[in-house]
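**Q** Here it is: the structure, laid out below.
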Amino acid sequence: MADEPQISLLFATISEWAVAQGADKINRLPGPWTGETDEWTVKINGHPNEIDDVPPYGFLATHKSALIGMAIGNAYGGCVIGPSENELIEHFRSRLPSSIHLPRSDT
């Protein structure tokens, strides 16, 4: 049996954070779901086509004040510009309710 692709930890963390913020049935929205932390704005696209620069079934995170701060991707990978991927994972993990426990990014 071939190895199944692994869902990226960044995508999983942003998805869990979005659900904790109330994201639900985003495929039924006319465009991407949008949420914010104190530092980042996140759009998640639940549609099979690109909308507002967000890839199909993917996310786009932009930093609110840094000149360079962006992440774009989907369940299987992406690109982070500015902070490290682990820093971004920890940012969204730190904003999850304490009842949600995702694997650490350094494991």
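The values are calculated or read from the model by the stated rules, or taken from the named source; none is laboratory data. Keep in mind the model is a prediction, meaning the values are calculated, not measured. Positions of Cβ are backbone-derived with ideal geometry, glycine not excepted, and every protein chain shown enters the neighbour counts.
**Q** So, Val42, is that one crowded, with 16+ Cβ neighbours inside 10 Å and under 16 Å from Glu16 (Cα atoms) or not?
**A** yes
**Q** If you go through the stretch 61-82, how many residues are closer than 24 Å to Asp3 by Cβ and either outside any strand (DSSP E or B) or among the basic types (Lys, Arg) (or both)?
**A** So the answer is 2.
**Q** Among the residues of the stretch 51-65, is there at least one that is touching a helix residue (DSSP H, G or I) at 6+ places or on another chain (Cβ under 7 Å) and of a type outside the set (A, V, I, L, M)?
**A** Within the stretch 51-65, one or more residues are touching a helix residue (DSSP H, G or I) at 6+ places or on another chain (Cβ under 7 Å) and of a type outside the set (A, V, I, L, M).
**Q** Working only within the stretch 1-52, note down all residues that are in a loop (DSSP other than H, G, I, E, B), of a type outside the set (Ser, Thr, Tyr) and closer than 13 Å to Arg95 by Cβ.
**A** Result: Gln21, Asp38, Glu39.
**Q** In the set Ile68, Ile81, Ile7, Ile89, which member is surrounded by 17 or more Cβ atoms within 10 Å (Cβ to Cβ) and β-branched (Val, Ile, Thr)?
**A** Only one candidate qualifies: Ile89.
**Q** Quick check on the stretch 69-107: of everything there that is at pLDDT below 95 and of a type in the set (Val, Ile, Thr), which residue is nearest to Gly35 (Cα to Cα)?
**A** Ile100
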